[in-house]
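The values are calculated or read from the model by the stated rules, or taken from the named source; none is laboratory data. All figures in this text were calculated on a predicted structure; none of them were measured in a lab. When we count neighbours, we look across all protein chains shown, and the Cβ atoms used for this are built from the backbone with ideal geometry, even at glycine.
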Amino acid sequence: MTKSSSSHRKSLSKIWRQLILQLALIVLAFILASWILINFIEKTYEESLLQSRNMMVGEIINNIIIDALIIEDIIFLTNALSNVSESIPEIVYIEIQNENGDLLSKSGALSANTDIDLSISSITQSVLVENELFGKIIFQRDTRQDSMAINQTINKIHWSYVFVICCFLLFTLTIIYRRTKPLFLRVIHQSLHDPLTGIPNRRMYDEIVKSQLGRAKRDHSNVGVILLDIDFFKAYNDHYGHEQGDQCLKQVASVLKHIAGRASDVVARSGGEEFSIFISDDGCDIHALSDKCCRYVESLAIPHAYSNCSDVITISAGFFSGMVQANQGIKELSLMADKALYTAKSNGRNCVHAFQAPSSHC
């Protein structure tokens, strides 16, 4: 496995970690902001409901006692207050004063510790008739009676909050997916391809070949594995420089990809100057294909004054061709092709050797 593919996998893993961290921070920030907003809405709604309820109760009392207050009918006021206390259980204390602040009537027990008992709300309301003050209504009510209405509304708010969070997360994930999809596809492509030549690397080659070998075993079809090595490439690199060496590798990879260009063919860079070709279709002359690769690379006429077998860049090839046995995998097939490649190099290079036959074609 190449250092390049390992580096790409590390980059992909790093991007995943950063993405998850950013998404977690976004979600946490949104939850915190939403929690603060919900608490503010709950408090505002509770205060609004309390004020509205107090005004409504005050208005009811005012309408009941207004006539008796004007004539200061104490008996009627006392009966009216008693009826109000019975009909509105949340009222714990109520008293009526005239315009001078004198007590006319009261009902219930006054709670003096309203600062401690937060459930008791004290309200003082003036009684006006045509903008003339006729008295005051002072009452205390137990606000715990409001809790049912508050809870129902808060539950609705909470469900709305859950719905908003789900929509936000879905929207966020959609945006992240759209923005990062090209990046992930690019990183995945880089992790499976040689960055210099653009053809599949050893990792992708092994994965594709493993799948195609399984199909070949089921169908009892022939396959071919070709290993190719640029002759005296180290000497070329040392004397012409790495930049020229990279250009040479690109040109050779392009030729091999053109020759083995069928959809089922796999051309990969296995190592520094070594290439692999896998042929899965029946009816293909692997020997002829290997020889064609050698001749086409030689026809590029890339000068190589430091080669011991030619004055241009050449390649040697070894191959295996035949039906795959049940106990054979890519490792075994590559080993046989590698032995054939070794024989081709021993025979003077710039030639092809088949694993099955002891003779070579030069």
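One residue is enough: does segment 270-288 have a residue meeting the conditions loosely packed, with under 14 Cβ neighbours inside 10 Å, touching a strand residue (DSSP E or B) at 6+ places or on another chain (Cβ under 8 Å) and at positive phi? Within segment 270-288, none of the residues are loosely packed, with under 14 Cβ neighbours inside 10 Å, touching a strand residue (DSSP E or B) at 6+ places or on another chain (Cβ under 8 Å) and at positive phi.
Going residue by residue through segment 322-338, is there one that turns out to be closer than 18 Å to Thr197 by Cα and either out of contact with any Cys (no Cβ under 7 Å at 6 or more places or on another chain) or among the small types (Gly, Ala, Ser) (or both)? I'd like the intermediate steps shown before the answer.
So in segment 322-338, the residues closer than 18 Å to Thr197 by Cα come out as none.
No, the conditions are met nowhere in segment 322-338.
In the set (1) modelled with pLDDT of 90 or more; (2) farther than 16 Å from Cys293 by Cβ, the condition left unmet by Glu207 is number (1). Just a yes or no: is a residue in segment 291-302 within 46 Å of the chain's Cα centre (by Cα) and crowded, with 22+ Cβ neighbours inside 10 Å? Checked against the condition, which is being within 46 Å of the chain's Cα centre (by Cα) and crowded, with 22+ Cβ neighbours inside 10 Å, segment 291-302 yields at least one hit. When only residues in segment 155-204 that are under 19 Å from the mean Cα position of the chain (by Cα), surrounded by 11 or more Cβ atoms within 10 Å (Cβ to Cβ) and polar (S, T, N, Q) count, which is nearest to Ile41 (Cα to Cα)? In this case the residue turns out to be Thr172. Pairing residues of segment 325-344 that are under 15 Å from Glu274 (Cα atoms) with residues that are in a helix (DSSP H, G or I) and modelled with pLDDT under 95, at Cβ distances under 6 Å and at least 6 apart in sequence or on separate chains, gives no pairs at all.
Could you check, for segment 215-236, whether at least one of its residues is exposed (fewer than 12 other Cβ atoms within 10 Å of the Cβ) and in contact (Cβ under 8 Å) with a residue 12 or more places away in the chain? Within segment 215-236, one or more residues are exposed (fewer than 12 other Cβ atoms within 10 Å of the Cβ) and in contact (Cβ under 8 Å) with a residue 12 or more places away in the chain. Residue count for segment 292-306, restricted to those that are under 13 Å from Leu256 (Cα atoms) and outside any helix (DSSP H, G or I): 1.
Would you be able to say whether some residue in segment 331-347 is in contact with a helix residue (DSSP H, G or I) (Cβ under 6 Å, 6 or more places away or on another chain) and either more than 25 Å from Asn237 (Cα to Cα) or in a helix (DSSP H, G or I) (or both)? Write out each step before concluding.
If we filter segment 331-347 for residues that are in contact with a helix residue (DSSP H, G or I) (Cβ under 6 Å, 6 or more places away or on another chain), which is where we start, we get none.
No: zero hits.
Having 1 or more residues that are modelled with pLDDT of 80 or more and closer than 20 Å to Glu47 by Cα is the bar; report the strands (runs of 3 or more DSSP E) wholly within segment 57-142 that clear it.
Details: elements: 91-98, 103-108, 120-129, 132-142.
Ranges flagged: 91-98, 120-129, 132-142.
Set side by side, the residues Gly283, Gly271 differ, and just one is out of contact with any helix residue (DSSP H, G or I) (no Cβ under 9 Å at 6 or more places or on another chain) and not in a strand (DSSP E or B), which is Gly283. The set of residues from segment 304-324 being over 18 Å from Leu228 (Cβ atoms) and free of Cβ contacts under 8 Å to residues at least 40 places away in the same chain comprises just one member, Asp311.
Suppose we filter segment 195-221 for residues that are within 21 Å of Leu249 (Cβ to Cβ) and in contact with a helix residue (DSSP H, G or I) (Cβ under 7 Å, 6 or more places away or on another chain); how many remain? The qualifying residues number 9. Taking Cys309 and the conditions (1) part of a loop (DSSP other than H, G, I, E, B); (2) exposed (fewer than 15 other Cβ atoms within 10 Å of the Cβ), which numbered condition does it fall short on, given that it satisfies the others? Failed condition: (2). In segment 252-274, of all residues being in contact (Cβ under 8 Å) with a residue 60 or more places away in the chain and not basic (Lys, Arg), the one that is farthest from Ile330 (Cα to Cα) corresponds to Val252. Could you check, for segment 233-243, whether at least one of its residues is in contact with a Leu (Cβ under 7 Å, 6 or more places away or on another chain) and closer than 19 Å to Tyr296 by Cα? Looking through segment 233-243, none of the residues is in contact with a Leu (Cβ under 7 Å, 6 or more places away or on another chain) and closer than 19 Å to Tyr296 by Cα. Residues considered: Ser321, Ser316. Of these, the only one that is at pLDDT 95 or above and hydroxyl-bearing (Ser, Thr, Tyr) is Ser316. Asp246 falls short on exactly one of the conditions (1) among the acidic types (Asp, Glu); (2) in contact with a Leu (Cβ under 8 Å, 6 or more places away or on another chain); (3) closer than 16 Å to Gly198 by Cα; (4) crowded, with 18+ Cβ neighbours inside 10 Å, and that condition is (4).
Cβ-Cβ contacts under 8 Å between residues 6 or more apart (or on different chains), taken from a first residue in segment 109-122 that is over 20 Å from Glu95 (Cα atoms) to a second residue that is surrounded by fewer than 15 Cβ atoms within 10 Å (Cβ to Cβ) and at pLDDT below 80, are absent.
Taken over segment 179-194, residues that are in contact with a helix residue (DSSP H, G or I) (Cβ under 8 Å, 6 or more places away or on another chain) and free of Cβ contacts under 8 Å to residues at least 60 places away in the same chain amount to 1.
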